[in-house]
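J.: Here's a structure for you.
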Amino acid sequence: MKKLFAFLLIAIAAVFLPCQAEEKPLQLVFIPKSSDQVFWDLMREGVARAVREDGNAKLTWRGPAHNDDTDSQIRILQAYTQPGVDAILITPTDRARLVKPIQAATALGIKVIVVDSALDGNYHVNMVATDNVRGGRLAARHMAELLNNQGTVLVLRTVAGSASTDERAEGFKAYLKENAPKISVVADVHGGGSTGKARHAALDLLQKHSAVNGVFAVNESSTDGMLRALRDKGLAGKVQFVGFDSTDLLIQGLEQQEIQGLVIQNPQQMGYLGVKAALAAARNAPVKDKTIFTDTTLLTRSNVRSAEIKKLICVRC
């Protein structure tokens, strides 16, 4: 009888102990800036790949409709600041206004990873992003070459408080000041967080500065809006245009010589590394690098059809 009892105990342990040792799936929440840009679709590809590779994490993806709706992003963040959430990844629409709600999340023990755009304060574990100042300088160098280091340019930003896009604009202007002082920035405005708002702001700029030699737009929506405005005004192909990010429309503009360059990021890499950092933080792994920079590339007509570029700009390729 004793031997039978011991055998039963061993059998029960063999059934239940492995279950107890299994790690509970980690709950991740990703809050992008918006849902109206191809950029976020590309980033989500990288996010999904990292989650699949881990095999023991569950992801919730939810963001506002447009990247100027900070109130909605804050409400989404607050909705997921709750027990059971292990890590939140967020691309802040406003570097200052998101600080307090993120502080509240970390106070609950949730690990926060900032992706794409910087955040004030020191409550996040990691930031995974493009070196946006470098991206702006890359755009400016190309613009200086296009204009032979002289002329006038416009800068179209998106929304005030967006760290990533403001850093691009500042990097662009700093490069011109240092390396092409005969190029003057005659206007530098925030055009809004949607393509429609950017288009209206661009039309206003082009109305006031019809003889401008070049334009620089800092992200997908502002580049899209500027291209449409240039077409509306009959200036597409006549003004040197360097933008940021890529869509089918923008690639078409590049191939038709309406756009002379696009600085493209690596949003898939950004999303992938962001999730890897979130998983490591949730498991209390040591932090090696607080800031992780991802790649930037200048896209022109000469390289737009290359296999390397296709991997960066194509969703689900």
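Every number in this text was worked out from the coordinates using simple rules, so none of it is lab data. Since we're looking at a predicted model, the values are computed, not measured. No Cβ is skipped: glycine too gets one built from the backbone with ideal geometry, and neighbour counts run over all protein chains shown.
J.: What is the local net charge at Gly121, summed over the other residues whose Cβ is closer than 10 Å to its Cβ (Lys, Arg +1; Asp, Glu -1)?
T.: Values: positive: Arg95, Lys100; negative: Asp120.
Neighbour charge sum, excluding Gly121 itself: +1.
J.: Please report the orientation-averaged projected area of the range 175-229, defined via the convex hull of its C-alpha atoms, in nm².
T.: Working: hull surface 15.3 nm².
The orientation-averaged projected area of the Cα hull of the range 175-229 comes to 3.8 nm².
J.: Check Ser184: other-chain or 5+ apart residues with amide H under 5 Å from its amide H, H built from backbone geometry?
T.: Gly151, Thr152, Val153
J.: Moving on to the next point. Can you sort Glu145, Glu220 so the residue with the fewest Cβ neighbours within 10 Å comes first? Each step should come with its number before you reach the end.
T.: Values: Glu145 13, Glu220 27.
Ordered from fewest to most neighbouring Cβ atoms within 10 Å, Glu145, Glu220 come out as Glu145, Glu220.
J.: List the extent of the Cα atoms of the range 123-244 along each of their three principal axes, largest first, rounded to whole Å.
T.: 48, 33, 18
J.: Could you work out which residue, out of Ala57, Ala285, Ala169, moves most in a Gaussian network model of the chain, that is, has the largest mean-square fluctuation with Cα springs under 10 Å?
T.: Of the options given, Ala285 has the highest mean-square fluctuation.
J.: Considering all alpha-carbon pairs of the range 217-276, what whole percent are spaced by more than 14 angstrom?
T.: Details: 943 of 1770 pairs.
Above the 14 Å cut-off, the range 217-276 has 53 percent of its Cα pairs.
J.: Still on this structure, I have one more. Return the whole-Å distance between the Cα centroid of the range 96-124 and the Cα centroid of the range 49-91.
T.: The range 96-124 and the range 49-91 have Cα centres spaced 12 Å from each other.
J.: Moving on. How large is the dipole of the chain about the Cα centre if only Lys and Arg carry +1 and Asp and Glu carry -1, each at its Cβ, rounded to the nearest 20 debye? List each step's numbers first, then the result.
T.: Working: 38 positive and 32 negative charges, 98 e Å.
My answer is approximately 480 debye.
J.: Here's something else I'd like to know. If you take every residue apart from Ala236 with its C-beta less than 12 Å away from the C-beta of Ala236, what net charge results, scoring Lys and Arg +1 and Asp and Glu -1? Kindly include the intermediate steps, with their values, before the conclusion.
T.: Details: positive: Arg228, Arg231, Lys233, Lys238; negative: Asp232, Glu258.
Net charge in that neighbourhood comes out at +2.
J.: Follow-up question, since we're still on this one. Can you order the peptides 116-123, 174-181 by their average number of other Cβ atoms within 10 Å per residue, highest first? Intermediate results must be reported in sequence, preceding the final value.
T.: Numbers: 116-123: 18.5, 174-181: 15.6.
The packing order, highest mean first, is 116-123, 174-181.
J.: Remind me, relative contact order of the chain in percent, using alpha carbon pairs under 8 angstrom and six or more residues apart?
T.: Working: 653 pairs, mean separation 61.3, N = 317.
About 19 percent, as a whole number.
J.: Under the Kirkwood approximation applied to all pairs of distinct alpha-carbon atoms, what is the hydrodynamic radius of the chain in Å? Intermediate results must be reported in sequence, preceding the final value.
T.: Numbers: mean 1/r = 0.0479 Å⁻¹.
So the Kirkwood estimate lands at 20.9 Å.
J.: With point charges of +1 on the Cβ of Lys and Arg and -1 on the Cβ of Asp and Glu, referenced to the Cα centre of the range 132-261, which listed residue (Gly225, Tyr175, Thr165) lies farthest in the positive direction of the dipole?
T.: Tyr175
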